[in-house]
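Student: Right, I'll just put the structure down here and ask away after.
The values are calculated or read from the model by the stated rules, or taken from the named source; none is laboratory data. Note that the structure is a prediction, hence the values are computed from the model and not measured. Cβ coordinates were reconstructed from backbone atoms using ideal geometry, including for glycine residues, and neighbour counts include every protein chain displayed.
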Amino acid sequence: MPDDPVETHYTRQDLGAAILAALKAAGKDLDHLTPDDLAPVDEFHGGQRPATVRLAELVGFAGTERVLDVGSGLGGPSRYLAWRYGCRVSGVDLTAEFVRVAEMLTRLTGLVDKVDYRQGNALDLPFEDMSFDVVWSQNAAMNIADRDRLYAEMRRVLKPGGKFALQEVAAGPGGPPHFPVQWAREPGISFLLSQAATRRMLEAAGFRVATWQDTTQPALQSATARARNAVGQPPALGTHLILGGDWQAMFHNSARNLEERRTELFNAVLERVS
């Protein structure tokens, strides 16, 4: 297993084989896969595909953008952006297994000319200064304590005037979250900030807020539905394949934390100040 506790949390043995078997069980044609086919499993964040669509619409992509997806996971959002808008997208993720599976799924969807991935640390992004028109990140910073360095790195690789599209879990006023949750089984790798504190840090890092939306309510509706359905045998294809044996507890706690305002969710689009 990996040495990093965050990578260990996310790593599943034979994840790629499990996803391929689940796709077949769900009746998908592996020779003609689309990003829509993969959405139940590769949109590994709060709200899943609808949340990705909402954030993309806030950005207003033209299709010519060079995009960096920080914390790209299995690659669902990055493939969606390339497929829907025609963007050229690079993904970076700490978890080597996620990168391997993301590359496999990208080959199966025929998007290798539009999307690439590499393993890397968000605190030391393996890209040149001012390389991207858009930096994109969904539900990644919850595992990162050093937000100052994170936001500085994101700003570094973004062109002046470029956009930073962010979906994030924030600390709510209701107290510490119940564990386990999707990003952590225990508090030691969970680092939530309030929305207000996050916004202050982003502005101090050299970003200007263009749009900020509290999306806790739609996230609660989605999480409640998932928790309600998390009984008995799961469907063939879903994020339970990534989460492991305690996926039902994670779904339940995700809804409970949002309902009790222990966690919140927000979308933001920011611009890099020159």
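Student: Say whether the condition of being surrounded by 23 or more Cβ atoms within 10 Å (Cβ to Cβ) and more than 20 Å from T239 (Cα to Cα) is met by at least one residue in segment 56-76.
Tutor: There is at least one residue in segment 56-76 that is surrounded by 23 or more Cβ atoms within 10 Å (Cβ to Cβ) and more than 20 Å from T239 (Cα to Cα).
Student: Collect the residues in segment 95-115 that are in contact with a strand residue (DSSP E or B) (Cβ under 7 Å, 6 or more places away or on another chain), crowded, with 20+ Cβ neighbours inside 10 Å and within 22 Å of G238 (Cα to Cα), keeping them in residue-number order.
Tutor: In the first step, residues of segment 95-115 are kept if they are in contact with a strand residue (DSSP E or B) (Cβ under 7 Å, 6 or more places away or on another chain); the result is 96, 99, 102-103, 106, 114-115.
Now narrow it down to the ones that are crowded, with 20+ Cβ neighbours inside 10 Å: 99, 102, 106, 115.
Hits for segment 95-115 are V99, A102, T106.
Student: What are the pairs, 6+ residues apart or on separate chains, where a residue within segment 27-41 that is under 13 Å from L111 (Cβ atoms) has its Cβ under 7 Å from a residue that is charged (D, E, K, R)?
Tutor: P35/R79; D37/K28
Student: Yes or no: segment 134-155 includes at least one residue that is more than 19 Å from the chain's Cα centre (by Cα) and buried (at least 20 other Cβ atoms within 10 Å of the Cβ).
Tutor: no
Student: Okay, next question. Can you list residue pairs whose Cβ atoms sit under 7 Å apart, with the first residue in segment 232-244 being under 18 Å from P35 (Cα atoms) and the second being among the small types (G, A, S)? Count only pairs 6 or more apart in sequence or on different chains.
Tutor: A236/A22; A236/A25; A236/A26; L237/A22; L237/A26; L241/A18; L241/A22
Student: Could you tell me whether R118 is surrounded by fewer than 19 Cβ atoms within 10 Å (Cβ to Cβ), at pLDDT 95 or above and part of a helix (DSSP H, G or I)?
Tutor: no
Student: Report, by residue number, each residue of segment 60-97 that is in contact (Cβ under 8 Å) with a residue 60 or more places away in the chain, under 23 Å from E271 (Cα atoms) and part of a helix (DSSP H, G or I).
Tutor: Hit for segment 60-97 is P77, nothing else.
Student: Follow-up question, since we're still on this one. Looking for something within 19 Å of R226 (Cβ to Cβ), surrounded by fewer than 21 Cβ atoms within 10 Å (Cβ to Cβ) and not β-branched (V, I, T) - is there at least one such residue anywhere in segment 25-32? So that I can check it myself, show each step before the final result.
Tutor: Of the residues in segment 25-32, the ones within 19 Å of R226 (Cβ to Cβ) are 26.
So of that shortlist, the ones also surrounded by fewer than 21 Cβ atoms within 10 Å (Cβ to Cβ) come out as 26.
Adding the requirement that they be not β-branched (V, I, T) leaves 26.
Checked against the condition, which is being within 19 Å of R226 (Cβ to Cβ), surrounded by fewer than 21 Cβ atoms within 10 Å (Cβ to Cβ) and not β-branched (V, I, T), segment 25-32 yields at least one hit.
Student: Another question about this same structure. In segment 195-231, which residues are in contact (Cβ under 8 Å) with a residue 40 or more places away in the chain, assigned to a loop (DSSP other than H, G, I, E, B) and closer than 23 Å to Q182 by Cα?
Tutor: T215 - this is the single residue of segment 195-231 that is in contact (Cβ under 8 Å) with a residue 40 or more places away in the chain, assigned to a loop (DSSP other than H, G, I, E, B) and closer than 23 Å to Q182 by Cα.
Student: May I pose another question? If I filter segment 1-59 down to residues being polar (S, T, N, Q) and part of a helix (DSSP H, G or I), which single residue comes out as farthest from F98 (Cα to Cα)?
Tutor: Result: T52.
Student: A further question on this structure: Return yes or no: is A56 among the small types (G, A, S) and modelled with pLDDT of 95 or more? I'd like the intermediate steps shown before the answer.
Tutor: Working: among the small types (G, A, S): yes; modelled with pLDDT of 95 or more: yes.
Against the criterion (among the small types (G, A, S) and modelled with pLDDT of 95 or more), A56 qualifies.
Student: State whether one or more residues within segment 175-192 are under 18 Å from A51 (Cβ atoms), over 17 Å from the mean Cα position of the chain (by Cα) and touching a residue at least 60 places away in the same chain (Cβ under 8 Å).
Tutor: For segment 175-192, residues under 18 Å from A51 (Cβ atoms), over 17 Å from the mean Cα position of the chain (by Cα) and touching a residue at least 60 places away in the same chain (Cβ under 8 Å): absent.
Student: Return yes when P235 is within 30 Å of A17 (Cα to Cα) and either modelled with pLDDT of 90 or more or of a type outside the set (S, T, N, Q) (or both) and no when it is not.
Tutor: Here the answer is yes, as P235 does meet what is asked.
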